[in-house]
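J.: Quick one: structure below, then a few questions.
The values are calculated or read from the model by the stated rules, or taken from the named source; none is laboratory data. The structure displayed is predicted, hence computed values, not measured ones. Because the Cβ atoms are built from the backbone with ideal geometry, glycine has one as well, and the counts that use them run over all protein chains shown. Ligands, DNA and RNA are stripped out before the accessible areas are found, and what is left, the full protein with its side chains, is counted by its heavy atoms. Shrake-Rupley method; radii C 1.70, N 1.55, O 1.52, S 1.80 Å.
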Amino acid sequence: NQLRQEANECKKCELHATRTNVVFGTGNENADLMFIGEAPGYNEDQQGRPFVGAAGKLLERLLASIGLSRESVFITNMVKCRPPNNRDPFPVEISSCGRYLDEQIRLINPKMIIPLGRHALSKWFPNETIGKVRARPRYVENRIIFPLYHPAAALHNPNLRQTIEQDFLKAG
Ligand code: URA
Ligand code: SF4
């Protein structure tokens, strides 16, 4: 709660100037499983909650396919404030915001982390591509890192959609 409070007042990078709400993260603070997306979009910025738009609806359906609800896991993003016009977050923004994410991981202490898409992947495996390493579990510091495609990528691509559905079953 203290960390959330700090983030809510954060001005460590330029994204603070254009945000409506800080999107710290939601879910079970004792979760075994944590999802890390890229950045808040329009709906997330408006509501202050991650994955509440179209990609979030897909994420919820994928979670349901392995018997999980969004309340049973923890969901957050690489950066906690929305980049203008949904542009990619800049490296300096990802590094400015990194302490919040690192503290969230330390405090929640999940057994498995699912980085969604290439931005989150790059936190652990900066030189690898999501298409090659998706759905391959690896141990990093006693945690399983299990990268998956970003649900937004699967929304309009039937092939990716099928892949992410199968990968989720494997994650389950
Ligand atoms: N995409 C993301 O990466 N994060 C969100 O919170 C919503 C969409
Ligand atoms: Fe602070 Fe992160 Fe928001 Fe930048 S994106 S202002 S570092 S909370």
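J.: Can you give the direction-averaged projected area of the convex hull of the alpha-carbon atoms in region 42-85, in nm²?
T.: That works out to 3.3 nm², a quarter of the Cα hull's surface.
J.: Moving on. Please state the relative contact order of the chain as a whole percent: Cα pairs under 8 Å, 6+ residues apart?
T.: Once divided by the residue count of the chain, the mean separation gives 25 percent.
J.: In addition: Counting only trypsin sites (Lys or Arg not before Pro) that are in a DSSP loop and have at most 14 other C-beta atoms within 10 Å, tell me the longest site-free stretch of the chain.
T.: 12-86
J.: Expressed as a whole percentage, what fraction of the accessible surface of the chain belongs to carbon and sulfur atoms when a 1.4 Å probe is rolled over the protein heavy atoms?
T.: Here it works out to 47 percent.
J.: Could you tell me which GluC sites (Glu not before Pro) in region 118-172 are loop residues by DSSP with no more than 13 other beta carbons within 10 angstrom of their beta carbon?
T.: The qualifying sites are E141.
J.: Given the -39500 (n - 2.57) contribution per DSSP H run of 4+ residues, what per-residue ellipticity at 222 nm results for the chain, rounded to the nearest 500 deg cm²/dmol?
T.: Estimated from H runs of four or more residues: -12500 deg cm²/dmol.
J.: Here is a follow-up. Skip the ligands, DNA and RNA, and give the accessible area per residue of region 100-148 with a 1.4 Å probe, whole Å².
T.: Per-residue accessible area for region 100-148 comes out at 53 Å².
J.: Applying the Karplus parametrisation 6.51 cos²θ - 1.76 cosθ + 1.60 with θ = phi - 60° to the phi angles of region 54-71, what ³J(HN,Hα) value in whole Hz is obtained for each residue in order, glycine and proline being reported as x?
T.: Per-residue couplings from phi come out as 4, 5, x, 4, 5, 4, 4, 5, 5, 4, 4, 5, 10, x, 10, 10, 5, 6 Hz.
J.: Please list, or write none, the lysines whose alpha carbon is within less than 24 Å of the alpha carbon of K80, excluding same-chain residues fewer than 8 places away.
T.: By straight Cα distance, K80 reaches K11, K12, K57, K111, K123.
J.: Check each of the chymotrypsin sites (Phe, Trp or Tyr not before Pro) in region 1-80 and keep only those in coil by DSSP with at most 10 other C-beta atoms within 10 angstrom; list them in order. List each step's numbers first, then the result.
T.: Working: sites: F24, F35, Y42, F51, F74; in loops: F24, F51.
Here no loop site has a sparse enough neighbourhood.
J.: Could I ask something else about it? Restricting things to alpha carbons, tell me how big region 1-75 is in terms of Rg and Dmax, in Å.
T.: Expressed in Å, the Cα Rg and Dmax of region 1-75 come to 13.1, 39.
J.: How much length is gained if the chain between N1 and R138 is pulled fully straight, taking 0.36 nm per residue apart and subtracting their Cα-Cα distance, in nm to one decimal?
T.: 46.3 nm
J.: Follow-up. What translational diffusion coefficient, in µm²/s and rounded to a whole number, does the Stokes-Einstein relation yield for the chain at 20 °C and a viscosity of 1.002 mPa s, taking the hydrodynamic radius as the Kirkwood radius over Cα pairs? Mind showing how you got there, number by number?
T.: Values: Rh = 16.0 Å.
Roughly 134 µm²/s, to the nearest whole number.
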